[in-house]
Structures are given as structure tokens and as C-alpha cells.
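Okay, so here's the structure we're looking at.
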């Protein structure tokens with residue numbers, strides 16, 4: 001097995017909210033018995049788009065032995081799932097992603113979304 005990046009979910013920190021399921025286009029993460037689980041490691045590309053939406057910080061990316069990422073299988077799974085979409089809003093101004101680009105951030109211990117208009121205020125004060 002190759003050594004590569006893969007998402008790890010801390011079961012103790014996971015509150016079962018399911019927020020990480022939506023950004024996992026490949027469908028590697030699902031809810032099982034009220035907890036998020038990587039059900040097929042070959043579907044996880046290790047990109048970590050799921051990390052910033054987790055309100056408890058239960059998700060991390062680790063480097064370890066794991067099955068190779070199966071791009072063909074992931075694309076097939078994404079087609080089967082169809083479009084899965086939850087509209088996000090900037091935590092500062094409430095602008096939706098249909099109006100402005102949003103960026104996932106960690107701020108004061110929370111995983112949030114901030115728009116590109118509000119980001120400079122966070123950076124520069």
C-alpha cells in the first residue's frame with residue numbers, strides 16, 4: 001500500500017452533525033451510527049475540504065499507509081450521488097456564496113466561512 005494523505009476522523013470529537021459529508025464529493029465520508037466515518041479509503045483523496053466545516057475539529061489529514069486513491073471509482077460515486085449542496089454564508093456579513101466567494105477558516109476555535117470582502121478585516125484588523 002502506498003503512503004499518502006488521508007482524512008482521519010476522531011470519533012470522540014465527532015458530534016455526528018454530518019457537515020463533513022457534503023464537501024466530500026467523492027463520497028468517502030458517511031454517517032454511520034451517528035458518527036462520521038471514512039467508509040472507503042480508496043475514495044478519500046486527502047484534499048481535506050471536509051476539515052474546515054467540522055464544528056468540533058474532529059477531522060485531520062494524516063500521512064500513512066492507505067489504499068491508493070481510485071479516481072475512477074470516486075468519479076462514479078460522485079455521479080451517483082448527484083449534486084449535494086448546502087449554501088454557506090459569511091459569518092461576519094451573512095453574504096451567501098451565490099453573491100461572493102467564500103473561504104473556509106478556523107477562527108476563535110470554530111470552523112467558519114468568510115467572504116473575500118470580510119477577510120482583509122480579519123487579517124489586518
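The values are calculated or read from the model by the stated rules, or taken from the named source; none is laboratory data. Keep in mind that this is a model prediction, so the values were computed, not measured. When we count neighbours, we look across all protein chains shown, and the Cβ atoms used for this are built from the backbone with ideal geometry, even at glycine.
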Please go through region 43-80 and pick out each residue that is crowded, with 17+ Cβ neighbours inside 10 Å and out of contact with any strand residue (DSSP E or B) (no Cβ under 9 Å at 6 or more places or on another chain). 70, 74, 77
In this structure, does residue 92 turn out to be in the same structural domain as residue 114 (by TED's automatic domain parsing) and farther than 16 Å from residue 3 by Cα? yes
